[in-house]
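The structure under discussion is supplied below as structure tokens; questions concerning it will follow.
Laboratory data are not the source of any read-out in this text; all were calculated from the coordinates shown. In this text the structure is predicted, and so the values were computed from the model without any measurement. Every residue, glycine as well, gets a Cβ built from its backbone with ideal geometry; the counts of neighbours run over all protein chains shown.
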Amino acid sequence: MDDPITFARKLRRDQTLAERRFWDLLYPWRMSGWHFRRQAPIGPFVVDFVCKRIKLIFEIDGDSHYTEEGIARDLNRTGYLRRLGYRVIRFTNDDVFDGDDGVFDLLRGILGEPQA
């Protein structure tokens, strides 16, 4: 595997449709001054979205995360990130595509109302 920075750059270029949709859902908060990074390296991992100021990570999980190997990998990764003080919130691709109103409501519950 490439080093985390090179790998993160590749992931930003090749973002999944679900990740693009989630980035759009974050738009009101990003315009309100919240700083989120996409595909950001943290230690040996690259997280989907992070707000370092409040140590909050959002992960958008596709099918590969629900295999036995994927679940074990995510447990290890989440444990590492939590030990660094991060809160990790996971959504499935289906959550983002089919339940984006619910995802948006959850974002409002976590981040508050976006300011215009």
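What is the spread of the Cα atoms of the range 64-116 along each of their three principal axes, largest first, in whole Å?
So the three principal-axis extents are 41, 28, 13 Å.
Could I ask something else about it? What fraction of the DSSP beta bridges in the range 7-91 is antiparallel, stated in percent and rounded to the nearest 5?
60
Related question: Using only Cα atoms, what Kirkwood radius does the range 13-75 have, in angstroms?
Here the Kirkwood hydrodynamic radius works out to 12.8 Å.
What's the magnitude of the charge dipole for the range 21-116 around its Cα centre, counting Lys and Arg as +1 and Asp and Glu as -1 at the beta-carbon? Answer in Debye, nearest 20. If you can, show how the numbers build up before the last one.
On the way: 14 positive and 15 negative charges, 181 e Å.
Computed about the Cα centre, the dipole is about 860 debye.
Still on this structure, please answer the following. In sequence order, what are the phi-derived ³J(HN,Hα) couplings for the range 92-107 according to the Karplus relation 6.51 cos²θ - 1.76 cosθ + 1.60 with θ = phi - 60°, rounded to whole Hz, with x for glycine and proline?
8, 4, 4, 4, 5, 7, 9, x, 5, 5, x, 5, 4, 4, 5, 4
Output ³J(HN,Hα) for the range 47-60: one whole-Hz value per residue in order, computed from phi by the Karplus curve 6.51 cos²θ - 1.76 cosθ + 1.60 with θ = phi - 60°, and x for Gly and Pro.
For the range 47-60, the Karplus curve yields 8, 5, 9, 9, 10, 5, 4, 10, 6, 10, 10, 10, 10, 10 Hz.
In addition: Asp61's amide H: which non-local residues (gap 5+, or another chain) put their own amide H closer than 5 Å, with H modeled 1.01 Å from N in plane and none for Pro or chain starts?
Distant-sequence amide H within range of Asp61: Phe91, Thr92, Asn93.
I would also like to ask the following. To test your reading of the geometry: what angle, between 0 and 90 degrees and rounded to tens, separates the Cα axis of helix 4-13 from the longest principal axis of the chain?
50
Please report Rg over Rh for the chain, where both radii come from the alpha carbon positions and Rh follows the Kirkwood definition. All intermediate terms of the calculation are to be shown ahead of the outcome.
Values: Rg = 13.9 Å, Rh = 14.7 Å.
With Rg and the Kirkwood Rh in hand, the quotient comes to 0.94.
Which whole-Hz ³J(HN,Hα) couplings does the range 20-25 yield from phi under the Karplus relation 6.51 cos²θ - 1.76 cosθ + 1.60, θ = phi - 60°, glycine and proline marked x?
In residue order, the calculated couplings are 4, 5, 5, 4, 5, 5 Hz.
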